[in-house]
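The values are calculated or read from the model by the stated rules, or taken from the named source; none is laboratory data. The model shown is predicted, which means the values in this text are computed figures rather than measured ones. Note: areas computed on protein heavy atoms with side chains; ligands, DNA, RNA excluded. Shrake-Rupley method; radii C 1.70, N 1.55, O 1.52, S 1.80 Å.
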Amino acid sequence: QVQLVESGGGLVQAGGSLRLSCAASGSIFSINAMGWYRQAPGKQRDLVAAITSGGITNYADSVKGRFTISRDNAKNTVYLQMNSLKPEDTAVYYCNSRSRYGSTVWGQGTQVTVSS
């Protein structure tokens, strides 16, 4: 079983930056992709960015050029660097992992609030 712990959320002014971290533990050998999703009140939970075990990345159109997903394999940690933050980026951000068998695990979520 994989466990995911997110950190790095908080309150930031528009135009500022935050870096989210997601540390994986447990059966980490089974993970073939990790990603970040976000969910604002009354909205669906949508993919923000993802990275595969091979290093292939994918971004939502709304964050391209502003957010960067990366990984530190030695620390079993995935990061989401968020720059040029906008109020519409305000949401709960969830880390997600996908195993080689197709199962998924979610982190507890971390709140990101961007003030105007």
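Determine the relative contact order of the chain: mean sequence separation of Cα pairs under 8 Å and six or more apart, normalised by residue count, in whole percent. Contact order relative to length: 37 percent.
Set against the labelled values (1) 13.4, 43; (2) 14.2, 50; (3) 13.3, 40, Rg and Dmax of the Cα atoms in Å computed from this structure falls on (1). For the stretch 59-66, backbone phi angles converted through the Karplus equation (6.51, -1.76, 1.60; θ = phi - 60°) give residue-by-residue couplings of 10, 5, 4, 5, 10, 4, x, 10 Hz, Gly and Pro being listed as x.
Rolling a 1.4 Å probe over the protein heavy atoms gives the stretch 1-105 an accessible area of 53 Å² per residue. Backbone phi angles across the stretch 20-36, fed through the Karplus curve with coefficients 6.51, -1.76 and 1.60 (θ = phi - 60°), yield HN-Hα couplings of 8, 10, 9, 9, 9, 9, x, 7, 5, 5, 8, 6, 10, 7, 9, x, 10 Hz in residue order; Gly and Pro are listed as x.
Under a 5 Å amide H cut-off, with hydrogens placed 1.01 Å from N, Ser53 pairs with Ala33 among residues at least 5 apart or on other chains. Report, to the nearest whole %, how much of the accessible area of the stretch 1-99 belongs to carbon and sulfur atoms, 1.4 Å probe, protein only. Using a 1.4 Å probe with all protein chains present, the stretch 1-99 comes out at 48 percent carbon and sulfur.
In order along the stretch 38-45, phi translates into HN-Hα couplings of 9, 9, 8, x, x, 10, 6, 7 Hz, rounded to whole numbers, per the Karplus curve 6.51 cos²θ - 1.76 cosθ + 1.60 with θ = phi - 60° and x for Gly and Pro.
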